[in-house]
Every structure is written in C-alpha cells, then in structure tokens.
1. If Leu196 satisfies every condition in (1) touching a residue at least 60 places away in the same chain (Cβ under 8 Å); (2) under 13 Å from Ala234 (Cα atoms); (3) part of a helix (DSSP H, G or I) but one, which is the exception?
2. Where in region 238-296 are there helices (runs of 4 or more DSSP H), lying wholly inside it, with at least 3 residues that are more than 24 Å from Val17 (Cβ to Cβ) and touching a residue at least 40 places away in the same chain (Cβ under 8 Å)?
3. Any residue that is at pLDDT below 85 and crowded, with 18+ Cβ neighbours inside 10 Å - is there at least one of those in region 151-158?
4. Does region 25-57 hold any residues that are in a strand (DSSP E or B) and closer than 20 Å to His291 by Cα, and which are they?
5. Hey, any hits in region 170-192 for a residue that's in contact with a Leu (Cβ under 8 Å, 6 or more places away or on another chain) and without any contact (Cβ under 8 Å) to a residue 12 or more places away in the chain?
6. When you look at Leu327, is it touching a strand residue (DSSP E or B) at 6+ places or on another chain (Cβ under 6 Å) and modelled with pLDDT of 90 or more, yes or no?
7. Kindly provide the set of residues from region 74-126 that are surrounded by fewer than 24 Cβ atoms within 10 Å (Cβ to Cβ) and small (Gly, Ala, Ser), ordered by number.
8. Pairs please, first residue from region 14-37 and more than 18 Å from Val110 (Cβ to Cβ), second anywhere and basic (Lys, Arg) and surrounded by fewer than 20 Cβ atoms within 10 Å (Cβ to Cβ), Cβ atoms under 8 Å, 6+ apart in sequence or on different chains.
Amino acid sequence: MDNTDAPALLLLPGFGVGSFHYDQQLRDLGREYRVWAMDFLGQGKSWPSHDPAPAEEVMEEVLEGQANAKIRDWGLGKTPESWAQELVYSVDTWRDQVHAFIEKVIGGPVYIVGNSLGGYVGTYFAATNPELVKGIALLNATPFWAFTPNARRYPLLSKLVPWGGLLPVPVIAKAIIRVWWDLLRNPITVQKMIKLVYADCSVVNDKLVGQMLEATDHPAAFAAFTSIVFAPRAHTDFGQNLISLKETRTPMCLIYGKEDPWVVPFWGQRAKQRNPDAVYYELSPAGHCPHHEAPEVLISSPVTSLSFNFDLQQHPMVGAVLLTGVLK
C-alpha cells in the first residue's frame, strides 16, 4: 500500500527492550501511517560502531589483529576517542537522538507513542521541540528517570556525585555495578521481572526474554548500563514537560495499564491533572506494557486516531481489554 503521504508515527520503547516490542503492531499501523520504531542508544540494536574508550590491551590486540579484541567490554579504557568525549547514555542524549532521527530519517513532524521510558523521553522531546510533534500518546510513561542531580538545575548538589556517566567508566563504578549487572542479565531474573509487571504472563515467552538479553551481549552493553545508572536527570522534569505541552496545546492521550505495579494509575491521573486537556483512560487487564500485552490497543482502538478527536464511550472494548475513561 502506498502511504507516502500518510502521517508519520514514531514508536519509542521502554527501558531494557527495543523496537521489537512493537513488532505486533507495525504491519497494521503501516496501513494508515508511515511508522518507525526506534531503539535508544545503548539498548536494543542501537550501539556505537566502535569502542568509545578502548583499554590499552585492547588497542594492542586490534593493532595485532587478534580476534578476541572484539569480544571485550567497550568503554572501560582510560581515555575516550575524540568522537566520544561527550558520550553519556542519558535522557538528554536520547532526546537528542529522537531529534536527529526525526530530522534526518523521517523528515518532518510526527505523532509519538512512548511506553515507560519511551513516554518520558517522548514528553521531554515534545516539550522542547513542539514544532516537531503533532500529538503524543503515553503508555504507562515513567514519571521520573535517573538519580544524579542535573548540573544546570542543581550545580552545587551535582558536585557531590563524583561521576555523571561520561565515558570511560571509572574503576570504582565498574566495581559497584558489575555484580548487579550480572544478576540483572540472568535469564531467570529477566523473566521474573517481566512477569512482575505484566498482567498477562502468557505473553512472557522465551522469545521475549531472548530479545531482551540479546542487547546485553553487545561489548558496549556493560559500559552503557553503568553510564545509565550514573547519568544525570533531565534539564526539566516530567511534570514541567506536561505543563509545557498543555501550553503549546499539543494533543495528548494518557493510557495506563491498571495492573501495573510500577507506574500505577495514580501517576497517569496526576499527569492528567497537570494537563487537563489530555484524554486519560485505563486498560484492564494490562500492566506496565499494555501495547505488548494487548497489541490490538494500538491497532483497533481510538489510540490510532492520533488527532485525539475520539469519544471513549463509543469504544468501550478493544478485544478482551476494557477501556475505562476517567477524569474527562
């Protein structure tokens, strides 16, 4: 089907997954939209093409042509390469990545759908680049990200943190994170964590776990994860971004899986209070990733009408998932 003139739709995944999390919707959404699903740098299949900070022994092995140089962890040397001197896996980096993707790949304003971290980044991007966003749908968007204070907002407090995620990874950070990293990338741990936040655990299969673990095998994965843990917060917080979108009258739809134990509906209702013009509704049964548990939500529901001119009362059911409009 020729849809070169169709509206552009950008799908942003949550943390620890990737564009594959939207595989079940891409074909159907492609009938009405030009659709892209993007991996954030340091997740999914989005990685630096070269080691941003090679260790000395790795550089020697590369010069000698030794094959095992390719399987060592990247980003753990003493000095970053010239192109990676500002590389940090932060929410600001991901926001800038979205900007570059839209300008260089899509070529114009888009509708954004973001789950969890993707919703946070999408909101941050839309608030700072309203001219590039026609509307945004947030699926259990996380309302906060990162622990390290932002240097611009809290200059004194940020100095108390010795490292802000800028590569290369220092020795002490490697020591702190390594055990945690090895635990989190264990297949059993991954499966348990997914089942914890899904209402329908039948969709938690070996394929999904394998897709999530694939990224952890990349040589840049450990340094990326360590950088993410220590990276600073955004220049503006989630609540401020919601208010900004209200002021720019950016159409917004808030969609929350009712059974999510992490981002419970309270956060969606609070977001609705920040932006009263947004449409809000809950899905049940659905957890943290409603688009993956109930793929038809993005295919058959009014969510795909991203002009947001829809009436929830006319769409009470999507498959076996109940849509409950509240706080209208």
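1. Unmet for Leu196, out of (1) touching a residue at least 60 places away in the same chain (Cβ under 8 Å); (2) under 13 Å from Ala234 (Cα atoms); (3) part of a helix (DSSP H, G or I): (2).
2. 238-247, 265-274
3. No, there is no match, as no residue in region 151-158 is at pLDDT below 85 and crowded, with 18+ Cβ neighbours inside 10 Å.
4. Once the filter is applied, which keeps residues that are in a strand (DSSP E or B) and closer than 20 Å to His291 by Cα, region 25-57 yields Arg34, Val35, Trp36, Ala37, Gln43.
5. yes
6. No: the conditions fail for Leu327.
7. Passing the criteria: Gly77, Ser82, Ala84, Ala100, Gly107, Gly108.
8. Gly18/Lys45
The values are calculated or read from the model by the stated rules, or taken from the named source; none is laboratory data. Computed from a prediction, not measured in an experiment: that's the story for all the values here. Please note: Cβ atoms are built from the backbone with ideal geometry, for glycine as well, and neighbour counts cover all protein chains shown.
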